[in-house]
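What follows draws every value from the coordinates through simple rules; no lab data is involved. Please read all numbers here as calculations on a predicted model, not as lab measurements. Heads up, the Cβs are rebuilt from the backbone with ideal geometry, glycines too, and the neighbour counts pull from every protein chain shown.
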Amino acid sequence: MAVSLNSSDQDLVIPATLIAAVVLILPDLQTQPWWLILPCLICLILRWRALAFVFLFAAMSYADTWLTGFYYIGLILLLLMRMYSDPLAGSAVQLVSALRQVVMALPLLVVIMLLAVVAGWSDPRSSSPSQSMTGVSDTMTPGSVSRLVNDSDLAMRVRFAPESPALLPEDLYWRGIVLENFDGTTWSRSNRLQFDLDPMPVQVAQPLQYLVSLEPSRQFWLYGLHQAYTSRPQTYRDVRGMLITSDMLRQRVRYPVSSIEPAVESSLDSDTRQRNLSVPANSNPRTQQWVGHLQSQYPDDHALTAAILRHFGESAFYYTLTPTASSGAQIDDFMFDSREGYCEHYAGALTFMLRIAGIPARVVAGYQGGDFNPITGHWNVYQYNAHAWVEAWYPDTGWQRLDPTASIAPERISVGIDAWLASLNERTDSTLERDTRRRLQLATIPGYQSMRTTLDALQYSWRLGIYDSEGNLRTEDLNDWLTRQGLGSLPVWLLAALLLFVGVRAMWGGRSSYSPAVQTYLRLDARLRRLGLGRRQEETIMAHMERVDGKYPGRAAQWQKLGRMISEAEYGNRPPDQSVIRDKARELTKSL
């Protein structure tokens, strides 16, 4: 009689599994792979433990916040309840057993978490997903970039082709979004996209080729260096050089990029020229007057631009994270009163002044620099590398990159943001958040950077292994295939309906036709089979218990007594209390 039945107690795993499916609607969990989690939950209900483990292990690679981490710990508890619980134990005993195993593993988890902190893998943020996973935004106001200095989360990893020339941090301007509209306070992107559908031009010089592993940003653009082209599906290149995707980046993606030297645009269409010369009427009058006076001294556009940049570097301007707040004309206050700001202040002011002088200009937001890992040869770009600079158009050269930060704080560009932060005076450093100060302090500990570099190389190599050649996570292959067949989001509803059906069937529709006494005996028989003492096909319950009693003579015929109790409960006129049978079976099971 090779039969196994659920406990007569209510099975906690089943309702908990259904709740785990419903919880997937939470914003933080919407980024998780439903095509792995829902099959895992179905396998948990059906007791297909090995297959459930495979699905769960694959899904856990998507965990990117503390909330998702706790969610997977909950699934691990459910799996342990299925894998290691006593067949006679109820749900409470199963849960305690699973919790005990997790607690026993805590020392190992603590070591892993410490290594994660050193490697920069942890994500201590508890804010909403829209805030915690945005990074560079599609608008820029004073303070919007400087706030990211305290964000040590990874933005992307980049590895250049082996034949690429050696690059320095000052060569790495990761273009993201182009901001052309200005209302006097906020720079924003134009809603009109102009896609460039032409193939990458053929040039004498070989293109700069590299591979970008971009973290989830919940935005619609990718990052690349100057004049970037990519073969990633559903990604298009805008004439302004932006790489735009048709799908929001909810998951980590990898894509190849080729960058070439920008071609000279000897002319601009009227719409582009108008957008990049537009300024609010009567805004910042002192700045407009100053630019007019300077233009009379430097009628050449290049000479005028150089004069403005010299003014930033030679006058009493300060590069700081905590500039004085403006109360009126933003650029006037910055240029003539406070004279202090971060990259967004300088980029915004320079773009405005160039436009006043009749030079088309725009703000570019992205990242600058990065940390090089010599083990794997890749660059790590973090959120605190966020930066804003300027692109100006000249008839003889086309669009040219201008970075006023390089004039006012050149060490920020040449040696990196952390080196610049470490050089700040004590007053300014006290404005940094605790995590940022801790990051700077840890970097001074001997051996810390070597350990972090090694762990980062291991993590990068692991992530390369779970992506396919097109930059998609390998576990997304099934989802992508279903999408290509035109099914869209249908699979999630099919799996959800199947999960609900299996759960309801297991909770209410799958009750055994055996009496409680026989169910107790069958669970006991399943335990005895592990010891080679399972019931033989020709044996009755009494004969089986007598044979087991012969193997354990010290139990004073307790096994035979249990056999009589089960037989009387099933066939007798006055059956004993079921709880007495269950307690006796548990007592004997503990003695095995």
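Some observations on this one:
- Cα-based convex hull, the range 516-590, per residue volume (Å³, whole number): 83 Å³
- Projected over every direction and averaged, the convex hull enclosing the alpha-carbon atoms of the range 141-258 yields 8.8 nm².
- The range 278-327: C-alpha gyration tensor shape, a/c 1.5 cut-off, then a/b vs b/c: oblate
- Put simply, the amide H of TRP221, placed in the peptide plane, has neighbours under 5 Å in THR245, leaving out anything fewer than 5 places away on its chain.
- FRET efficiency estimate (nearest 0.05) - Cβ-Cβ, TRP66 to ARG218, R0 25 angstrom: 0.90
- The range 516-590: relative contact order in percent, alpha carbon pairs under 8 Å with at least 6 residues between: 34 percent
- A dipole drawn for the range 137-419 from +1 and -1 charges on Cβ atoms has a positive end, and of VAL253, GLN400, ALA361 the residue lying farthest that way is VAL253.
- Normalised by 2.2 N^0.38 Å, where N is the number of residues, the alpha-carbon radius of gyration of the range 219-318 equals 1.53.
- Theoretical gain in end-to-end length, HIS302 to VAL103 [0.36 nm per residue, Cα-Cα removed]: 64.9 nm
- Ellipsoid fit via the Cα gyration tensor, the range 137-419: semi-axes of 30, 22, 18 Å, each the root of five times an eigenvalue, largest first.
- Rounded FRET efficiency, nearest 0.05, which uses the C-beta distance separating ASN181 from THR324 and R0 of 35 Å: 0.85
- Segment ASP198..HIS226, full-extension length gain: 8.4 nm, with 0.36 nm per residue of separation and the alpha-carbon distance subtracted.
- Cα convex hull volume per residue for the range 314-393 (Å³): 130 Å³
- Förster radius 51 Å - calculated FRET efficiency between LEU442 and TYR571 (Cβ-Cβ, nearest 0.05): 0.10
- Summing Lys and Arg as +1 and Asp and Glu as -1 over all other residues whose Cβ lies under 10 Å from the Cβ of PRO395 gives a net charge of -3.
- One decimal place: the segment ILE25-GLN537 gains 179.4 nm when fully extended, by the rule 0.36 nm per residue minus the C-alpha distance.
- Label-to-label distance for SER246 and SER515 is 6.6 nm, based on points extended 7 Å past Cα in the beta-carbon direction.
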